[in-house]
1. Please work out the Cα center distance from the stretch 130-161 to the stretch 1-62, rounded to the nearest Å.
2. Just going by the charge dipole of the chain, with Lys and Arg at +1 and Asp and Glu at -1 on Cβ, which of Trp121, Gln145, Ser64 is farthest out on the positive end?
3. Where is the GNM fluctuation largest for the chain (alpha-carbon springs, 10 angstrom cutoff): Gly30, Gly81, Gly90?
4. In the chain, if the dipole is taken from +1 on Lys/Arg beta carbons and -1 on Asp/Glu beta carbons about the Cα centre, which of Leu79, Ala102, Leu136 is farthest to the positive end?
5. In whole Hz and in residue order, list the ³J(HN,Hα) couplings for the stretch 89-98 that follow from phi through the Karplus curve 6.51 cos²θ - 1.76 cosθ + 1.60, θ = phi - 60°; x for Gly and Pro.
6. With a cut-off of at most 11 other beta carbons within 10 Å, and DSSP calling the residue loop, which GluC sites (Glu not before Pro) in the stretch 104-208 qualify? Please list them.
7. Taking Cα atoms of the stretch 7-206, Rg/Rh with Kirkwood Rh, to two decimals?
8. Once both axes come from the Cα atoms, what is the angle between helix 129-141 and the longest principal axis of the chain, in degrees from 0 to 90, rounded to 10?
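FYI, it's all coordinate maths here, none of it is from the lab. Bear in mind the structure is a predicted one, so any value in this text is a computation, not a measurement. Glycine gets a Cβ as well: all are built from the backbone with ideal geometry, and neighbour counts include every protein chain shown.
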Amino acid sequence: MNTATPRVLALHGVATNAAIWHELPDLLPGMEIVAPQRPCSGDLEVELAALVELARDSLVVGFSGGATLGLALASRVPLRGALLHEPAVGSLVPGLLAPVRAAFDRDGTAGFAAALYGPTWVAPAEVDDAVTARELTMFRAFEPQGPLPGQGPVVITYGEHSPAIRKQAAEALRDQLGWSIEELPGSGHDVVHQNLAGLAARLVRLGT
């Protein structure tokens, strides 16, 4: 058992910000929570460069775009573990992000967020269609890889109440690239607002 105090790196998604994790410290007492505001650059390498040293030997938790970045980190950097909720999967399931792209094209960030997160989405003060557009382009272009050899435990979750295509995406990651997957009860895509306690409890089990 790894008894050192875990550092938890919490990664936010598109059209959200780091403040979305404000309840996590109360759910993970005794853990060091690091929740950075991402650059939201639209450049995958820029995003990862900002996170690599924070991620090294940490527990990484992320949802949506944050889970996608966590998946990329788990292919490159040794982690204590990771819990990643509904990342993008690229050409493994080509239509996964098509509905949210269409919603953005119609109604901007608000339409995108309604299609992706549902009614629980809380708009951050700095919502910007240009930022959403470049992040969406980046995540649609993302192609997952398998785990770094010797990687710590990484679990990809999908929500009990998410569309069936999210389970299909997780199964594709398992079947084609060897990632572990689980269903997360009581949640759809917006796990931070729908079942953060369940996500935190699963992270505790992963890191002990």
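1. That distance is 14 Å.
2. Of the candidates, Gln145 comes out farthest on the positive side.
3. Looking only at Gly30, Gly81, Gly90, the largest GNM fluctuation is found for Gly30.
4. Leu79
5. Whole-Hz 3J(HN,Hα) from phi for the stretch 89-98: 10, x, 6, 5, 9, x, x, 4, 9, 4.
6. Glu126
7. 0.92
8. 60 degrees
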